[in-house]
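Data first, discussion second: the structure below is written as C-alpha coordinates.
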Amino acid sequence: MPSSAFVSVILPVYNAAPFVAATMASLLDQTHRNLEIIAVDDGSTDNSLEVLEGLAKGDSRIRVFTKPNGGSSAASNFGLAHATGDFVARMDADDLAYRTRLADEIAALDGSDAALCSTEVDYTFFKGRVFYGARRPTSPQEIRVENIFGTFHIHPTVLFDMRKIDRAALRYDESFRLAEDFELLSRIGLTHPTMLLPEPRLLVRRQNHGSLTSRLHGKNPGYHFRVTMRQLEANGIAEADPALLALLSGSDRVSADQLQALSIWARRIRSHPGYAGAEAQAYARGLSNFTDNLVDALYGRCSTTELLGLLRASGLDGYVSKFDRLRFTLGASGAASIGRVTGMLRQTRRYMKSSPASVLSDHLTGSALTGF
(Lines give C-alpha, C1' and ligand atoms only; values in the text may rest on other atoms or scores of the structure.)
Protein backbone atom coordinates (compact mmCIF):
# COMPACT_ATOMS: atom_id res chain seq x y z
CA MET A 1 0.00 0.00 0.00
CA PRO A 2 2.62 2.69 0.84
CA SER A 3 3.83 3.24 -2.73
CA SER A 4 0.29 3.35 -4.17
CA ALA A 5 -1.34 5.31 -1.33
CA PHE A 6 -3.08 8.50 -2.41
CA VAL A 7 -2.18 11.58 -0.35
CA SER A 8 -4.20 14.79 -0.11
CA VAL A 9 -2.04 17.76 0.95
CA ILE A 10 -4.00 20.63 2.55
CA LEU A 11 -2.29 23.97 1.87
CA PRO A 12 -4.00 27.12 3.25
CA VAL A 13 -2.57 30.23 1.60
CA TYR A 14 -2.82 33.83 2.77
CA ASN A 15 -0.57 36.54 1.28
CA ALA A 16 2.24 34.08 0.58
CA ALA A 17 2.97 35.02 -3.03
CA PRO A 18 6.76 35.36 -2.55
CA PHE A 19 7.07 31.87 -1.05
CA VAL A 20 4.29 29.58 -2.22
CA ALA A 21 5.88 28.62 -5.57
CA ALA A 22 8.92 27.18 -3.78
CA THR A 23 6.65 25.47 -1.23
CA MET A 24 4.61 23.95 -4.04
CA ALA A 25 7.77 22.79 -5.83
CA SER A 26 8.90 20.95 -2.70
CA LEU A 27 5.59 19.07 -2.64
CA LEU A 28 5.52 18.27 -6.35
CA ASP A 29 9.08 16.91 -6.08
CA GLN A 30 8.21 14.39 -3.34
CA THR A 31 9.55 10.87 -3.87
CA HIS A 32 5.97 9.76 -3.19
CA ARG A 33 4.28 10.85 -6.41
CA ASN A 34 0.65 9.81 -5.93
CA LEU A 35 -0.74 12.98 -4.42
CA GLU A 36 -2.99 15.98 -4.84
CA ILE A 37 -2.33 19.44 -3.45
CA ILE A 38 -5.47 21.25 -2.33
CA ALA A 39 -4.44 24.91 -2.19
CA VAL A 40 -7.01 27.17 -0.52
CA ASP A 41 -6.49 30.88 -1.04
CA ASP A 42 -7.99 32.48 2.07
CA GLY A 43 -8.90 35.85 0.57
CA SER A 44 -5.31 36.99 -0.02
CA THR A 45 -4.80 40.67 -0.80
CA ASP A 46 -1.58 40.04 -2.75
CA ASN A 47 -1.28 37.96 -5.95
CA SER A 48 -1.17 34.57 -4.20
CA LEU A 49 -4.23 33.33 -6.12
CA GLU A 50 -2.69 34.32 -9.43
CA VAL A 51 0.52 32.45 -8.54
CA LEU A 52 -1.45 29.35 -7.54
CA GLU A 53 -3.54 29.34 -10.68
CA GLY A 54 -0.40 29.67 -12.80
CA LEU A 55 1.19 26.71 -11.02
CA ALA A 56 -1.97 24.61 -11.45
CA LYS A 57 -1.75 25.01 -15.22
CA GLY A 58 1.58 23.18 -15.16
CA ASP A 59 0.61 20.19 -12.99
CA SER A 60 -2.76 18.46 -12.78
CA ARG A 61 -2.07 17.39 -9.19
CA ILE A 62 -2.70 20.96 -8.02
CA ARG A 63 -6.29 21.93 -7.18
CA VAL A 64 -6.85 25.61 -6.41
CA PHE A 65 -9.79 27.04 -4.48
CA THR A 66 -10.47 30.53 -3.19
CA LYS A 67 -12.76 31.77 -0.42
CA PRO A 68 -13.31 34.95 1.62
CA ASN A 69 -10.83 35.40 4.43
CA GLY A 70 -11.81 33.35 7.46
CA GLY A 71 -8.56 32.26 9.04
CA SER A 72 -6.38 29.18 8.98
CA SER A 73 -8.93 26.82 10.57
CA ALA A 74 -11.67 27.71 8.11
CA ALA A 75 -9.30 27.42 5.14
CA SER A 76 -8.05 24.05 6.37
CA ASN A 77 -11.60 22.76 6.85
CA PHE A 78 -12.49 23.93 3.36
CA GLY A 79 -9.58 21.91 2.01
CA LEU A 80 -10.44 18.87 4.12
CA ALA A 81 -13.94 18.85 2.65
CA HIS A 82 -12.37 18.21 -0.77
CA ALA A 83 -9.75 15.67 0.37
CA THR A 84 -10.20 12.02 -0.59
CA GLY A 85 -6.72 10.65 0.13
CA ASP A 86 -5.82 7.53 2.09
CA PHE A 87 -3.59 9.96 3.95
CA VAL A 88 -4.04 13.71 4.56
CA ALA A 89 -1.01 15.95 5.01
CA ARG A 90 -0.96 19.46 6.44
CA MET A 91 1.45 22.04 5.01
CA ASP A 92 2.12 25.76 5.48
CA ALA A 93 2.52 28.00 2.44
CA ASP A 94 5.96 29.34 3.40
CA ASP A 95 7.75 26.11 4.47
CA LEU A 96 9.58 23.50 2.40
CA ALA A 97 8.97 19.76 2.59
CA TYR A 98 12.06 17.60 2.20
CA ARG A 99 11.73 15.17 -0.71
CA THR A 100 11.17 12.02 1.39
CA ARG A 101 8.79 13.58 3.91
CA LEU A 102 5.58 11.89 2.71
CA ALA A 103 7.21 8.56 1.85
CA ASP A 104 8.88 8.32 5.25
CA GLU A 105 5.72 9.25 7.16
CA ILE A 106 3.56 6.83 5.17
CA ALA A 107 6.02 3.99 5.80
CA ALA A 108 6.07 4.77 9.54
CA LEU A 109 2.28 4.84 9.81
CA ASP A 110 1.85 1.73 7.70
CA GLY A 111 3.87 -0.30 10.20
CA SER A 112 2.19 1.20 13.28
CA ASP A 113 -1.18 1.57 14.96
CA ALA A 114 -0.57 5.34 15.19
CA ALA A 115 -3.20 7.54 13.53
CA LEU A 116 -0.92 10.46 12.76
CA CYS A 117 2.76 11.11 12.33
CA SER A 118 4.85 14.27 12.54
CA THR A 119 8.54 15.01 12.16
CA GLU A 120 11.20 17.29 13.52
CA VAL A 121 12.18 20.35 11.46
CA ASP A 122 15.17 22.45 10.47
CA TYR A 123 14.92 26.25 10.39
CA THR A 124 16.08 29.15 8.30
CA PHE A 125 16.49 32.45 10.17
CA PHE A 126 18.67 34.14 7.55
CA LYS A 127 18.63 33.96 3.77
CA GLY A 128 21.14 31.39 2.62
CA ARG A 129 21.59 29.76 6.04
CA VAL A 130 20.07 26.68 7.70
CA PHE A 131 19.93 25.90 11.42
CA TYR A 132 19.57 22.24 12.35
CA GLY A 133 16.60 21.54 14.58
CA ALA A 134 16.14 19.11 17.46
CA ARG A 135 16.06 15.35 17.13
CA ARG A 136 13.82 13.94 19.85
CA PRO A 137 13.32 10.17 19.96
CA THR A 138 10.00 10.12 21.81
CA SER A 139 7.55 7.29 22.46
CA PRO A 140 3.80 7.53 21.77
CA GLN A 141 3.25 7.33 25.53
CA GLU A 142 5.43 10.40 26.16
CA ILE A 143 3.73 12.28 23.33
CA ARG A 144 0.32 11.57 24.86
CA VAL A 145 1.47 13.01 28.19
CA GLU A 146 3.04 16.15 26.70
CA ASN A 147 -0.08 16.74 24.62
CA ILE A 148 -2.00 17.37 27.84
CA PHE A 149 -0.38 20.77 28.16
CA GLY A 150 0.56 21.96 24.68
CA THR A 151 1.25 21.21 21.07
CA PHE A 152 3.85 18.48 20.73
CA HIS A 153 3.50 17.86 16.99
CA ILE A 154 4.76 20.56 14.61
CA HIS A 155 1.63 21.32 12.63
CA PRO A 156 2.91 21.57 9.02
CA THR A 157 4.70 18.23 9.33
CA VAL A 158 1.62 16.21 10.30
CA LEU A 159 0.30 13.32 8.17
CA PHE A 160 -3.08 11.80 9.13
CA ASP A 161 -3.82 8.15 8.39
CA MET A 162 -7.42 8.18 7.19
CA ARG A 163 -7.64 4.40 7.43
CA LYS A 164 -7.68 4.89 11.21
CA ILE A 165 -9.42 8.24 11.68
CA ASP A 166 -13.10 9.00 11.20
CA ARG A 167 -13.20 11.66 8.48
CA ALA A 168 -15.91 13.53 10.34
CA ALA A 169 -13.54 13.88 13.32
CA LEU A 170 -10.79 15.45 11.20
CA ARG A 171 -12.02 19.00 11.43
CA TYR A 172 -10.56 22.11 13.04
CA ASP A 173 -12.57 24.02 15.64
CA GLU A 174 -13.05 27.38 13.93
CA SER A 175 -13.71 29.14 17.23
CA PHE A 176 -9.96 28.88 17.91
CA ARG A 177 -8.09 31.90 16.55
CA LEU A 178 -4.89 30.42 17.99
CA ALA A 179 -3.98 26.89 19.11
CA GLU A 180 -6.33 25.25 16.61
CA ASP A 181 -3.63 22.65 15.93
CA PHE A 182 -3.33 21.88 19.66
CA GLU A 183 -7.10 21.39 19.84
CA LEU A 184 -7.30 19.01 16.88
CA LEU A 185 -4.13 16.99 17.42
CA SER A 186 -4.70 16.50 21.14
CA ARG A 187 -8.32 15.50 20.48
CA ILE A 188 -7.20 12.79 18.06
CA GLY A 189 -4.51 11.78 20.55
CA LEU A 190 -7.13 11.02 23.18
CA THR A 191 -8.38 8.03 21.19
CA HIS A 192 -5.40 7.11 18.99
CA PRO A 193 -1.64 6.77 19.49
CA THR A 194 0.47 9.30 17.61
CA MET A 195 4.13 9.24 16.62
CA LEU A 196 7.13 11.40 15.74
CA LEU A 197 9.96 10.85 13.26
CA PRO A 198 12.99 12.35 15.05
CA GLU A 199 14.85 13.29 11.86
CA PRO A 200 13.75 16.62 10.29
CA ARG A 201 11.60 16.33 7.18
CA LEU A 202 10.71 20.00 6.77
CA LEU A 203 12.42 23.38 6.58
CA VAL A 204 10.57 26.08 8.52
CA ARG A 205 11.07 29.72 7.59
CA ARG A 206 11.68 31.92 10.61
CA GLN A 207 12.16 35.15 8.73
CA ASN A 208 9.77 38.04 9.27
CA HIS A 209 7.44 37.92 6.30
CA GLY A 210 4.00 38.45 7.77
CA SER A 211 3.00 34.83 8.29
CA LEU A 212 -0.02 34.03 10.46
CA THR A 213 2.27 33.04 13.32
CA SER A 214 4.22 36.29 13.18
CA ARG A 215 1.04 38.37 12.92
CA LEU A 216 -0.49 36.63 15.94
CA HIS A 217 2.69 36.69 18.01
CA GLY A 218 0.91 37.68 21.22
CA LYS A 219 -0.16 34.79 23.42
CA ASN A 220 -3.75 34.17 24.41
CA PRO A 221 -3.65 31.51 27.15
CA GLY A 222 -7.44 31.12 27.11
CA TYR A 223 -7.30 29.03 23.95
CA HIS A 224 -4.70 26.74 25.46
CA PHE A 225 -6.56 26.31 28.74
CA ARG A 226 -9.74 25.32 26.89
CA VAL A 227 -7.88 22.33 25.50
CA THR A 228 -5.73 21.65 28.57
CA MET A 229 -8.77 21.40 30.84
CA ARG A 230 -10.33 18.88 28.49
CA GLN A 231 -7.08 16.90 28.43
CA LEU A 232 -6.67 17.01 32.22
CA GLU A 233 -10.19 15.69 32.73
CA ALA A 234 -9.85 12.97 30.08
CA ASN A 235 -6.64 11.74 31.72
CA GLY A 236 -8.14 11.67 35.21
CA ILE A 237 -5.94 14.46 36.56
CA ALA A 238 -8.38 17.30 37.30
CA GLU A 239 -11.97 18.04 36.37
CA ALA A 240 -12.68 20.86 33.95
CA ASP A 241 -13.90 23.95 35.80
CA PRO A 242 -15.87 26.51 33.72
CA ALA A 243 -15.38 29.22 36.33
CA LEU A 244 -11.59 28.79 36.32
CA LEU A 245 -11.55 28.67 32.52
CA ALA A 246 -13.45 31.96 32.37
CA LEU A 247 -10.99 33.43 34.88
CA LEU A 248 -7.92 32.28 32.92
CA SER A 249 -9.42 33.55 29.66
CA GLY A 250 -10.29 36.98 31.02
CA SER A 251 -8.48 40.25 31.69
CA ASP A 252 -10.04 41.57 34.91
CA ARG A 253 -8.10 41.81 38.14
CA VAL A 254 -7.90 38.52 40.03
CA SER A 255 -9.13 38.45 43.64
CA ALA A 256 -7.52 36.68 46.59
CA ASP A 257 -10.34 34.10 46.60
CA GLN A 258 -9.79 33.38 42.90
CA LEU A 259 -6.06 32.97 43.46
CA GLN A 260 -6.80 30.52 46.24
CA ALA A 261 -9.06 28.48 43.96
CA LEU A 262 -6.40 28.51 41.25
CA SER A 263 -3.78 27.42 43.76
CA ILE A 264 -5.80 24.37 44.82
CA TRP A 265 -6.46 23.41 41.20
CA ALA A 266 -2.83 23.90 40.11
CA ARG A 267 -1.48 22.00 43.15
CA ARG A 268 -3.66 19.02 42.22
CA ILE A 269 -2.16 19.06 38.72
CA ARG A 270 1.41 19.52 39.98
CA SER A 271 1.18 16.61 42.43
CA HIS A 272 -0.53 14.09 40.15
CA PRO A 273 1.12 10.70 40.87
CA GLY A 274 0.04 8.81 37.77
CA TYR A 275 3.29 8.78 35.77
CA ALA A 276 6.74 7.23 36.17
CA GLY A 277 9.98 6.99 34.24
CA ALA A 278 10.01 8.63 30.81
CA GLU A 279 6.33 9.55 31.14
CA ALA A 280 7.08 11.40 34.40
CA GLN A 281 9.80 13.35 32.60
CA ALA A 282 7.30 14.18 29.84
CA TYR A 283 4.82 15.35 32.49
CA ALA A 284 7.49 17.65 33.97
CA ARG A 285 8.12 19.16 30.53
CA GLY A 286 4.39 19.66 30.18
CA LEU A 287 4.22 21.38 33.57
CA SER A 288 6.77 23.94 32.33
CA ASN A 289 4.43 24.74 29.43
CA PHE A 290 1.47 24.86 31.82
CA THR A 291 3.31 27.27 34.12
CA ASP A 292 4.20 29.58 31.22
CA ASN A 293 0.55 29.79 30.21
CA LEU A 294 -0.58 30.28 33.80
CA VAL A 295 1.81 33.20 34.28
CA ASP A 296 0.75 34.74 30.95
CA ALA A 297 -2.90 34.47 31.97
CA LEU A 298 -2.37 36.17 35.35
CA TYR A 299 0.52 38.59 34.83
CA GLY A 300 -0.62 42.18 35.39
CA ARG A 301 -3.93 41.02 36.86
CA CYS A 302 -2.52 40.62 40.37
CA SER A 303 0.67 41.74 42.11
CA THR A 304 3.95 39.97 41.50
CA THR A 305 3.96 38.96 45.16
CA GLU A 306 0.52 37.36 44.79
CA LEU A 307 1.49 35.56 41.60
CA LEU A 308 4.70 34.21 43.12
CA GLY A 309 2.70 33.13 46.16
CA LEU A 310 0.35 31.17 43.91
CA LEU A 311 3.27 29.44 42.19
CA ARG A 312 4.94 28.54 45.49
CA ALA A 313 1.71 27.27 47.03
CA SER A 314 1.01 25.06 44.02
CA GLY A 315 4.58 23.79 43.75
CA LEU A 316 5.05 25.31 40.28
CA ASP A 317 7.74 27.84 41.24
CA GLY A 318 10.43 25.45 40.01
CA TYR A 319 8.89 25.44 36.52
CA VAL A 320 9.03 29.20 35.90
CA SER A 321 10.88 30.19 32.71
CA LYS A 322 13.88 32.52 32.65
CA PHE A 323 11.85 35.20 30.87
CA ASP A 324 9.12 35.11 33.51
CA ARG A 325 11.72 35.34 36.27
CA LEU A 326 12.95 38.50 34.56
CA ARG A 327 9.40 39.83 34.45
CA PHE A 328 9.05 39.24 38.19
CA THR A 329 12.36 40.99 38.91
CA LEU A 330 12.45 43.81 36.35
CA GLY A 331 8.83 44.24 35.34
CA ALA A 332 7.37 43.72 31.87
CA SER A 333 9.22 46.60 30.17
CA GLY A 334 12.55 45.62 31.71
CA ALA A 335 12.10 42.00 30.72
CA ALA A 336 11.16 43.07 27.19
CA SER A 337 14.33 45.17 26.93
CA ILE A 338 16.50 42.29 28.13
CA GLY A 339 14.56 40.02 25.79
CA ARG A 340 15.40 42.19 22.78
CA VAL A 341 19.10 42.13 23.64
CA THR A 342 19.18 38.39 24.26
CA GLY A 343 17.15 37.91 21.08
CA MET A 344 19.85 39.68 19.07
CA LEU A 345 22.51 37.55 20.71
CA ARG A 346 20.46 34.43 20.03
CA GLN A 347 20.16 35.38 16.36
CA THR A 348 23.91 35.91 16.15
CA ARG A 349 24.54 32.52 17.76
CA ARG A 350 22.10 30.90 15.34
CA TYR A 351 23.93 32.44 12.42
CA MET A 352 27.28 31.19 13.72
CA LYS A 353 25.88 27.67 14.23
CA SER A 354 23.97 27.54 10.95
CA SER A 355 25.16 26.05 7.68
CA PRO A 356 25.03 27.44 4.13
CA ALA A 357 21.79 26.66 2.31
CA SER A 358 23.78 24.47 -0.08
CA VAL A 359 23.44 21.67 2.51
CA LEU A 360 19.79 21.42 1.48
CA SER A 361 20.73 19.82 -1.84
CA ASP A 362 20.29 16.40 -0.20
CA HIS A 363 16.67 17.26 0.65
CA LEU A 364 15.48 19.76 -1.94
CA THR A 365 16.01 20.17 -5.66
CA GLY A 366 15.23 22.65 -8.43
CA SER A 367 12.81 25.48 -7.85
CA ALA A 368 12.19 24.47 -4.23
CA LEU A 369 15.58 26.07 -3.51
CA THR A 370 14.51 29.41 -5.00
CA GLY A 371 15.25 32.27 -2.63
CA PHE A 372 17.98 30.43 -0.74
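The values are calculated or read from the model by the stated rules, or taken from the named source; none is laboratory data. Because the structure is a prediction, the values reported are computed rather than measured. FYI the Cβ positions are ideal-geometry reconstructions off the backbone, even for glycines, and counts take in every protein chain you see. When the accessible area is computed, the model is the full protein with side chains, heavy atoms only, and any ligands, DNA or RNA have been set aside. Shrake-Rupley method; radii C 1.70, N 1.55, O 1.52, S 1.80 Å.
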>> Given (1) on the phi > 0 side of the Ramachandran plot; (2) modelled with pLDDT under 95, identify the lone condition not met by residue 43.
In response: (2)
> Which one of these is surrounded by fewer than 20 Cβ atoms within 10 Å (Cβ to Cβ) and either touching an Asp or Glu at 6+ places or on another chain (Cβ under 8 Å) or closer than 17 Å to residue 89 by Cα (or both): 200, 193, 137, 156?
Replying inline: 193
> Can you tell me which of 46, 113, 29 is in contact (Cβ under 8 Å) with a residue 12 or more places away in the chain and either in contact with a strand residue (DSSP E or B) (Cβ under 9 Å, 6 or more places away or on another chain) or β-branched (Val, Ile, Thr) (or both)?
Replying inline: 29
> In segment 20-49, how many residues are open to solvent by 30 Å² or more (accessible area, probe 1.4 Å) and assigned to a helix (DSSP H, G or I)?
Replying inline: 3
> Could you give every pair whose Cβ atoms fall below 6 Å, whose first residue belongs to segment 312-326 and is under 14 Å from residue 293 (Cα atoms), and whose second residue is open to solvent by 30 Å² or more (accessible area, probe 1.4 Å), counting only separations of at least 6 or pairs across chains?
Replying inline: 316/270; 319/288; 321/292
>> I need the full set of residues from segment 263-284 which are free of Cβ contacts under 8 Å to residues at least 60 places away in the same chain and hydroxyl-bearing (Ser, Thr, Tyr), in order please.
In response: 263, 271
> Among (1) free of Cβ contacts under 8 Å to residues at least 60 places away in the same chain; (2) of a type in the set (S, T, N, Q); (3) closer than 28 Å to residue 112 by Cα, where does residue 66 come up short?
Replying inline: (3)
> Do you know which of the residues in segment 166-185 that are more than 15 Å from residue 116 (Cβ to Cβ) and part of a loop (DSSP other than H, G, I, E, B) is most open to solvent (accessible area, probe 1.4 Å)?
Replying inline: 177
> So which residues in segment 353-368 are open to solvent by 60 Å² or more (accessible area, probe 1.4 Å) and either at pLDDT 90 or above or touching a Phe, Trp or Tyr at 6+ places or on another chain (Cβ under 7 Å) (or both)?
Replying inline: 353, 356, 363
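Filter segment 258-315 for residues that are of a type in the set (Phe, Trp, Tyr) and closer than 19 Å to residue 232 by Cβ; which is most open to solvent (accessible area, probe 1.4 Å)?
275
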>> Return the residues of segment 1-18 that are at pLDDT 95 or above and not hydrophobic (A, V, I, L, M, F, W, C); say none if nothing qualifies.
In response: 8, 12, 14, 15
> Is it the case that segment 332-346 has a residue that's of a type outside the set (Phe, Trp, Tyr), exposed (fewer than 14 other Cβ atoms within 10 Å of the Cβ) and in contact with a Ser or Thr (Cβ under 9 Å, 6 or more places away or on another chain)?
Replying inline: no
